[in-house]
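See structure below.
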Amino acid sequence: MSGPSSHRKQRWSGAIRTRALELGFEAVGIAPVRASDHAPAYRRWVEEGRAGEMEYLAREDAVARRADPSVLVDGARTAVVVAKNYYVPDEDGEVEDPSRAIFARYARDRDYHDVLTPRLVALQEWINDTLMPVGGRAYMDTGPVLERELAARAGLGWAGRNTMLIRPGLGSYVFLGTVLLDVELAYDDGFDGEHCGSCTRCVDACPTDALMGRDASGAPVMDARRCISYLTIELKGPIPRDLRPLIGNRIYGCDICQEVCPWNSEKFVQITDEPAFRPREGVHGAELIELMKLTPEGFRKRFRKSPVKRAKRRGLLRNVAVGLGNWGSPEAVPVLTEALSDEEPLVRGHAAWALGRIGTEGSTQVLLGRAESEEDSWVREEISLALSAIERESSR
Ligand code: SF4
Ligand code: SF4
């Protein structure tokens, strides 16, 4: 039996593109599904431990599915890849003020999974109801699909040295979604080459040296264990001490390697048309001191339907404490003193570190006071290291 004619496939692909744009995506591309070109490099990356604690990336089943999306959906032939712009600008002075919190742009209001997954599912259902019966599955970033590779193959852009998909005219502040389908369609040409050229701005600007350039297959490589996004969101335990000073006041994710990219200059990027991605009150730009006072109830209310919930209150307050330590102002001592009695050891330990960085007589007194009653051995160690740091500073 012969398959659909090339004319029909062209017509279906054209209709899918139109429907995806109507659903509010800024770009759409259609690619054939085949094994990933970067699977061996990805395996190596996992084996070298560079995924850190991100088990969902490192598990053998996840690696296998990333290596070949057709394992995910039986008989998958086609990937429809869509991009949604989430760019929002910073207000003047917001980022430079070390007493205020910087949240990555994607996390300033609603969780994009909740906002965009229904649209992707609607696209899949529309294809099934209007064009032809199809089997498939929609993934909004969560699925173990190598989205960036598929997006490049669908002609949407190239993987920059900062590891992000860059689309000329749109930049890299885009969410990528994929619908895998078990039918063959007409395909877009893959994106031709990469346009980073000799630029290394992102690599040079990364405060933690997490970006490692490209591997032999041409894929950009990142040591996720050093990336601020990983440290402030995915890492559940203490942030390594040597990396804390490099985080500054970026308390949830990091956009530095996107901010410096010439393809994200004001000339190219546009502010998102999606109201759900515009900053909500009390998140980006909030006073660190005020955030440090968040109760469990306050955290739940402030971050309702926000991706920040992923870090949980203890993770966010851990990060805020690091931000306060990096600010280094004695104004933060009272709130950090309170935090030394927080119910979460993770918060108490990072508050101790921050007090050590601030290093006033007042911080020494509260640290000594807490040392007597603290029962958690890791927090006691943090207190002791903080006191030593203050002593070292004062003897200089
Ligand atoms: S997100 Fe920040 S820390 Fe991570 S690679 Fe980019 S610049 Fe470096
Ligand atoms: S900053 Fe330069 S090297 Fe990095 S992704 Fe952008 S163009 Fe490529």
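The criterion of at least 1 residues that are touching a residue at least 40 places away in the same chain (Cβ under 8 Å), within 16 Å of ligand 2 (Cβ to nearest atom) and of a type in the set (S, T, N, Q) is met, among helices (runs of 4 or more DSSP H) falling completely within the range 227-337, by 256-259. Scanning the range 67-111 for residues that are assigned to a helix (DSSP H, G or I), out of contact with any Gly (no Cβ under 9 Å at 6 or more places or on another chain) and of a type outside the set (A, V, I, L, M) turns up just one, S70. The numbered conditions (1) farther than 20 Å from A27 by Cα; (2) open to solvent by 20 Å² or more (accessible area, probe 1.4 Å); (3) touching a helix residue (DSSP H, G or I) at 6+ places or on another chain (Cβ under 8 Å); (4) at pLDDT 95 or above are all true for G136 except (4). For the range 176-204, a residue qualifies if it is buried (at least 21 other Cβ atoms within 10 Å of the Cβ) and either more than 13 Å from ligand 1 (Cβ to nearest atom) or small (G, A, S) (or both), and the qualifying residues are L176, G177, T178, V179, L180, L181, L185, F191, C196. Among the conditions (1) modelled with pLDDT under 90; (2) over 21 Å from P279 (Cα atoms); (3) surrounded by 17 or more Cβ atoms within 10 Å (Cβ to Cβ), G157 misses just one, which is (1).
With the requirement that a residue be open to solvent by 70 Å² or more (accessible area, probe 1.4 Å), of a type outside the set (D, E, K, R) and either part of a loop (DSSP other than H, G, I, E, B) or touching a residue at least 24 places away in the same chain (Cβ under 8 Å) (or both), what does the range 205-226 give you? Selection gives A216 alone.
For every residue, the table says whether it meets (1) at pLDDT 95 or above; (2) touching a helix residue (DSSP H, G or I) at 6+ places or on another chain (Cβ under 8 Å); (3) surrounded by fewer than 18 Cβ atoms within 10 Å (Cβ to Cβ); (4) not acidic (D, E).
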| site | (1), (2), (3), (4) |
| --- | --- |
| A332 | yes, yes, no, yes |
| T337 | yes, yes, no, yes |
| H350 | yes, yes, no, yes |
| A354 | yes, yes, no, yes |
| Q365 | yes, no, yes, yes |
| R370 | yes, yes, no, yes |
| S373 | yes, no, yes, yes |
| D376 | yes, yes, yes, no |
| E393 | no, no, yes, no |
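Filtering the range 45-66 to residues that are part of a helix (DSSP H, G or I) and of a type in the set (A, V, I, L, M, F, W, C) leaves W45, V46, L57, A58, A62, V63, A64. Open to solvent by 50 Å² or more (accessible area, probe 1.4 Å) and under 30 Å from C199 (Cα atoms): does that describe D255? No, not satisfied. Here L146 meets each of (1) over 22 Å from I228 (Cα atoms); (2) away from ligand 1 (no atom under 16 Å from the Cβ) with one exception, condition (1).
Just one residue in the set E234, E266, E287 is at pLDDT below 95, within 22 Å of L324 (Cβ to Cβ) and not basic (K, R); that residue is E234. The set of residues in the range 223-273 being within 25 Å of R318 (Cα to Cα) and of a type in the set (V, I, T) consists of I228, T232, I233, I239, I247, I251, I256. For the range 258-303, which positions are away from ligand 1 (no atom under 16 Å from the Cβ), among the hydrophobic types (A, V, I, L, M, F, W, C) and open to solvent by 20 Å² or more (accessible area, probe 1.4 Å)? The answer is F268, I271, I289. Pairs meeting the criteria (first residue in the range 146-160 and over 14 Å from W263 (Cβ atoms) and touching a residue at least 60 places away in the same chain (Cβ under 8 Å), second residue open to solvent by 10 Å² or more (accessible area, probe 1.4 Å) and basic (K, R), beta carbons under 7 Å, at least 6 apart or on different chains) are L146/R66.
The values are calculated or read from the model by the stated rules, or taken from the named source; none is laboratory data. Model, not experiment: these values are computed from the prediction. Note that each Cβ is placed from the backbone with ideal geometry, even for glycine, and that neighbours are counted across all protein chains shown. Only protein heavy atoms, including side chains, enter the accessible area calculation; ligands, DNA and RNA are left aside. Shrake-Rupley method; radii C 1.70, N 1.55, O 1.52, S 1.80 Å.
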